[in-house]
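Right, one structure below, let's go through it.
The values are calculated or read from the model by the stated rules, or taken from the named source; none is laboratory data. Treat the numbers as computed from the prediction; the structure is a model and nothing was measured. Cβ placement follows ideal geometry from the backbone for every residue including glycine, while neighbour counts extend to all protein chains displayed.
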Amino acid sequence: MVEAVLEQVELRNTKGMETDDWDKRQVHARLYSKIPGLKKELGEPVIPRELVIPEHRTFAAKSEVRDILEKAQTPILVVDPYIGVGTLNCFRSVKVAIRLLTGNQTNSIEPRFDVALQSFVTEGFQVEVRQHPKLHDRHIVFNDRCWLVGSSLKDAGKKAFHAIEIIDAKAEVIRALETKWQEGTPYPEALTTAG
């Protein structure tokens, strides 16, 4: 969270230094000069802002995604028009509740996903799945952060896999995703809660 806040401070200070008001420009310049030191103190982000994995690296992609998701301290929301067993595979190390929002087309959910989901829930994972008719982009949201994801988690590594953190429009994007979640239709209700 501190990393995201620091990035926002940096952006605002950069804009603040463009003002015609000399006093305000000086204040922003003094603050801006402290940002590199703060970044150095924080070190590398625990959860990267960007993730790029070339195609045909399925093992690496799934491993990277699992490493990121296992750092979730808040429930995870994944919005992905197409899900399958490979999607669940990305959550093997997750200790928090998972919400999957997917499409409602005939090919949005892989065949036999319900069987895999039942096994996943039986093992103690908390997963809720909903379907929505109007999904296009893919997103992952947790720890008050939001990423735009290029390809489906189920196919991570089969195709090139890119994820980029949304900073400036984060609140707006999360609000829109939460609205779609609320509008979504539950996917077999009997399977979506851990017993």
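Looking at (1) over 24 Å from Lys134 (Cα atoms); (2) not in a loop (DSSP other than H, G, I, E, B), which one does Thr74 not meet, given that it meets all the others?
Here Thr74 clears every test but (2).
For Val94, state whether it is under 18 Å from the mean Cα position of the chain (by Cα) and loosely packed, with under 15 Cβ neighbours inside 10 Å.
When the stated conditions are applied, Val94 does not pass them.
Is at least one residue of segment 73-92 touching a strand residue (DSSP E or B) at 6+ places or on another chain (Cβ under 6 Å), of a type in the set (Lys, Arg) and assigned by TED's automatic domain parsing to the domain that holds Leu153?
So far as segment 73-92 goes, no, none of its residues is touching a strand residue (DSSP E or B) at 6+ places or on another chain (Cβ under 6 Å), of a type in the set (Lys, Arg) and assigned by TED's automatic domain parsing to the domain that holds Leu153.
Restricting attention to segment 67-126, which residues are basic (Lys, Arg) and over 24 Å from Cys146 (Cβ atoms)?
Scanning segment 67-126 gives a single hit, Arg112.
For segment 153-170, which positions are assigned to a strand (DSSP E or B) and within 11 Å of the chain's Cα centre (by Cα)?
Residues satisfying the conditions are Ala163, Ile164, Glu165.
Have a look at Val141, Val173 and point out the one that is at pLDDT 95 or above, crowded, with 16+ Cβ neighbours inside 10 Å, of a type in the set (A, V, I, L, M) and not in a strand (DSSP E or B).
When all the criteria are applied, what remains is Val173.
Just to be sure, is Val65 touching a helix residue (DSSP H, G or I) at 6+ places or on another chain (Cβ under 6 Å), surrounded by 12 or more Cβ atoms within 10 Å (Cβ to Cβ), modelled with pLDDT of 80 or more and in the same structural domain as Arg92 (by TED's automatic domain parsing)?
The answer is no for Val65.
Condition test on Gln126, is it more than 17 Å from His162 (Cβ to Cβ), in contact (Cβ under 8 Å) with a residue 40 or more places away in the chain and touching a strand residue (DSSP E or B) at 6+ places or on another chain (Cβ under 9 Å)?
yes
Which ones in segment 97-115 are within 22 Å of the chain's Cα centre (by Cα) and surrounded by fewer than 19 Cβ atoms within 10 Å (Cβ to Cβ)?
Matches in segment 97-115: Ala97, Asn104, Glu110.
Could you list, ordered by first residue, the pairs with Cβ atoms under 6 Å in which the first is in segment 11-34 and part of a helix (DSSP H, G or I) and the second is surrounded by fewer than 12 Cβ atoms within 10 Å (Cβ to Cβ) and at pLDDT below 80, at least 6 apart or interchain?
Cβ pairs passing all conditions: none.
If only one of Glu110, Glu165 is closer than 16 Å to Glu64 by Cβ and in contact (Cβ under 8 Å) with a residue 40 or more places away in the chain, which one is it?
Of the residues listed, the single one that is closer than 16 Å to Glu64 by Cβ and in contact (Cβ under 8 Å) with a residue 40 or more places away in the chain is Glu165.
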